[in-house]
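Scroll down for the structure; my scribbles are underneath it.
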Amino acid sequence: MRNKLRAYFQGQVREVEQDRALSLYGVALSLLLPLAYLFWRESFNYFRSDPVPYCWPGVDCFYHPLRALGPDGWFWYMLAGNAVSFFAAFSFWRNRIGAALIALGLATLLKIIQQATSYTLMGNYHYMPYIITLGFLFIPGRRAYLPIQLVLFYVAAGFLKINPEWLSGYALPGRIPYLAERWFRFLLGYVIILEILFVWGLLSSEKKWRALAFLQIAAFTAVSWYFVGSFYPITMSLLLSLFPLSWVITAPARSKLNLAAICALGIFVGAQAFPKAWGPDPALHTYRRLISLNMFDANPICDSAIYLRKKGEILELDGANGMALRLQCDPILLVAKARALCRELKSDPTFINLDVHMEARRMSGHQFETVLREENFCGN
């Protein structure tokens, strides 16, 4: 068994070592990790002092060891994560692939541990880098597998956008300045065509089709900066750097899809299809899309509350609103807050229980639907 693992690891090292495009792409993937820490820097003071941790479903983050570190501990943890990431980038650059792969894996693990402290750290800008990084670390035939996976990100996002919420512009937090409404809606429709159809040009053997597809994706990424800020476009730019690298640097050998790559692609497609296959709207019932992309395909409106029942009185507390746009009407966040309150109030002799309610609809919808209604929440 040990010999097989050693041979497998040596095979991964050899594949990246012999292909300069892959080693340079390793530099890009390594730089994604310090970028995430930079993005999270505004949140660290909040996480250090937050008495109500918003835990991921199935994760008890109340006793997460990172929460006990204190301000100095958080700083040193971030510093360690950044140091390992930069070491990985340097090692990829110098083509010291064995050390680079180990460092990239360790840096990714440190980020996952960090992200487990709060559900508010979720986002596609972490979901997609995780998939690509894990594929880069473990799946042979990277030249064949990774470009298809990157294209499928866009295809999945395009199918998510086929709804009135996106096509009307309600899903977005704003408009492009000085652009007429009819042209804005035209571009919203064109984005769907770009993501579902034209993006496949990135895999073409013809230079002109590759260039045309890449320029359109680059323009779309640049425009997204206006709506979502800098982190997502920079993340996607680093992920997409594989395409120009692989076009400019000739592969030492032809790369083919293997069984591991096909299974990984199949799992990804299944994860995107599952929330849409049956059941309630996954844009409102967010548990259904935990393992899938979470785009600006909807802009829910909700009414959420936690009713605190004590002896002789009932208090209505605000729900989990006030978060980022993607989280404002997320029932997972409301449940996390209620769980924390149950823990906080269990020693109060006047406390009876909590009732948790949330109703929501898409902005383009007309009727609210019950997303969450749990009586006696603390006893469940």
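The values are calculated or read from the model by the stated rules, or taken from the named source; none is laboratory data. Computed from a predicted model, the values in this text were never measured in an experiment. Virtual Cβ from ideal backbone geometry, glycine too; neighbours counted across all protein chains shown.
Some points to look at:
- Residue, nearest to G266 (Cα to Cα), within region 283-299, restricted to residues that are hydroxyl-bearing (S, T, Y) and crowded, with 20+ Cβ neighbours inside 10 Å: S292
- Helices (runs of 4 or more DSSP H) wholly inside region 202-262 containing at least 3 residues that are free of Cβ contacts under 8 Å to residues at least 40 places away in the same chain and surrounded by fewer than 17 Cβ atoms within 10 Å (Cβ to Cβ): 207-228
- Whichever residue in region 162-188 is exposed (fewer than 11 other Cβ atoms within 10 Å of the Cβ) and among the small types (G, A, S) and, among such residues, is farthest from D281 (Cα to Cα): A180
- Taking each residue of region 17-38 that is farther than 16 Å from Y127 by Cα and looking for partners that are acidic (D, E) with beta-carbon atoms closer than 8 Å, six or more apart or interchain, yields L22/E15; S23/E17.
- Of everything in region 55-94 that is part of a loop (DSSP other than H, G, I, E, B) and either of a type in the set (A, V, I, L, M) or touching a Lys or Arg at 6+ places or on another chain (Cβ under 8 Å) (or both), the residue that is modelled with the highest pLDDT is C55.
- Residue within region 136-145 that is under 30 Å from A83 (Cβ atoms), outside the structural domain of L333 (by TED's automatic domain parsing) and free of Cβ contacts under 8 Å to residues at least 60 places away in the same chain present: no
- Test: residue in region 18-28 that is over 29 Å from L79 (Cβ atoms), charged (D, E, K, R) and either touching a Ser or Thr at 6+ places or on another chain (Cβ under 9 Å) or surrounded by fewer than 19 Cβ atoms within 10 Å (Cβ to Cβ) (or both): yes
- Residue in region 364-371 that is part of a strand (DSSP E or B) and in contact (Cβ under 8 Å) with a residue 40 or more places away in the chain present: yes
- Against the numbered list (1) touching a Lys or Arg at 6+ places or on another chain (Cβ under 9 Å); (2) on the phi > 0 side of the Ramachandran plot; (3) small (G, A, S), A298 comes up short only at (2).
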